[in-house]
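Asks: Before I ask anything, let me first share the structure, which is written out below as structure tokens.
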Amino acid sequence: MPASLTARGEGSTAWLALLSQTFPQGPARAQAFGLWGAASGSGGALGVLGGGVIVETLGWRWTLLVNVPIGLALLALLIFGNRTPHPTARPHLDLAGSTAFLVATASLVLAVMSVSNSFTAAGWAFLGLVSVVTFVLIEKRAASPLIPFVALGRTGAWRPATAMMFIGGAMTATFYFMTLNLQLFHLLSPLATGLSFLPLSLGAFLAAATSHRLQRRLGTDRTTALGALIMTTGLAAIWAFSAAPFPAALIAASGIFGIGMGIALASIADGTTHLLPAALAGAASGVLTTAQQFGNSFGLAIVAAADGQIPTNHYAGGFVSTLILSAIALALLATHAWSTQKLRRESA
């Protein structure tokens, strides 16, 4: 299972890079990233809905097979429907950097999961930190680095890329703890729990698909900050209603969270690739997707550990932790919007 999940993660980072190479900068790319954000933001919630239906009708083991026909269908579309020219030169694969990053991610997640055993957790944490340092050193010397640290620092793109990591953590942890709250605190069935994610899913899809209009009116940087603000507001409402006797208020609050999440995901993707040179568009896309995937795994591990320190039957600790992750993302994006506006005024 770990090997199959690793392979899936390797493939998932390519989608955003493919969009960057297919669509030039401008309205077409903004709309493409909006649709990507719609799929990314609503896909998790729709997965909960589909999972509820499958668990209720076929059993939980069938949920592990649902992605197989979807993957085969997408593969057929890419093979027979892709009309983009193939590159004449093969890019260099940073195998050493990829290995160091994989070891670092796995070790840090295992460190958080082993927090009850201080000796084991310390060992995994040490290995993770050594791997992070090794990864940075490799990337600074690599001819084709996975993460272009110099370009990210020079353009300020590191702030939205880092914010994407915190958003990924908040997004996955929210799905997880909402499921636990609805099933174990409100005693909803798997199917009813899945249906409860419809407002979140629809909000994320519609907001992300139309985010390019907000970008034209407000600018990309302000739109990303606005999305994070709405997302954080929705998470605050989810936390406030997590102990309510009926789940209706929590479900409605999740719709607000979904709207903010959809806006943030789509506009961050467009804004970050726009900041970097066209030659680094693929690398920027890979950085964003990797940051989101890292936030998904490491963020959920941290939030789950934090919730264990605040034992409540409605998982208040988990919701507070996701709120903190979203607030950090909001601070990063607001700072980025302010700094870019300041630079534009000074250069005008």
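No lab work stands behind these numbers, since they all come straight from the coordinates. A quick note: this is a predicted structure, and the numbers were derived from the prediction, not measured. As a convention, Cβ positions derive from the backbone with ideal geometry for all residues, glycine included, and neighbour counts pool all protein chains shown.
Asks: Within a 10 angstrom radius of the beta carbon, how do R344, R217, R159 rank from fewest other beta carbons to most?
Replies: R217, R344, R159
Asks: Still on this structure, please answer the following. So for segment 137-257, what percent of the C-alpha to C-alpha distances run longer than 23 Å?
Replies: 45
Asks: Would you mind ranking I324, I238, I263 by Cβ crowding within 10 Å, fewest neighbours first?
Replies: I324, I238, I263
Asks: Shifting gears a bit: When averaged across all projection directions, what area in nm² does the alpha-carbon convex hull of segment 255-334 cover?
Replies: The orientation-averaged projected area of the Cα hull of segment 255-334 comes to 6.0 nm².
Asks: A further question on this structure: Given 25 °C and 0.890 mPa s, compute D for segment 97-146 with the Stokes-Einstein relation, Rh being the Kirkwood radius over Cα pairs; round to the nearest whole µm²/s.
Replies: Working: Rh = 11.0 Å.
Answer, rounded: 223 µm²/s.
Asks: Here's something else I'd like to know. Answer rounded, prolate or oblate for segment 61-218, using the Cα gyration tensor with square roots of eigenvalues a ≥ b ≥ c: rounded when a/c is under 1.5, else prolate when a/b is larger than b/c, else oblate.
Replies: Because a/c hits 1.5 or more and a/b fails to exceed b/c, segment 61-218 counts as oblate.
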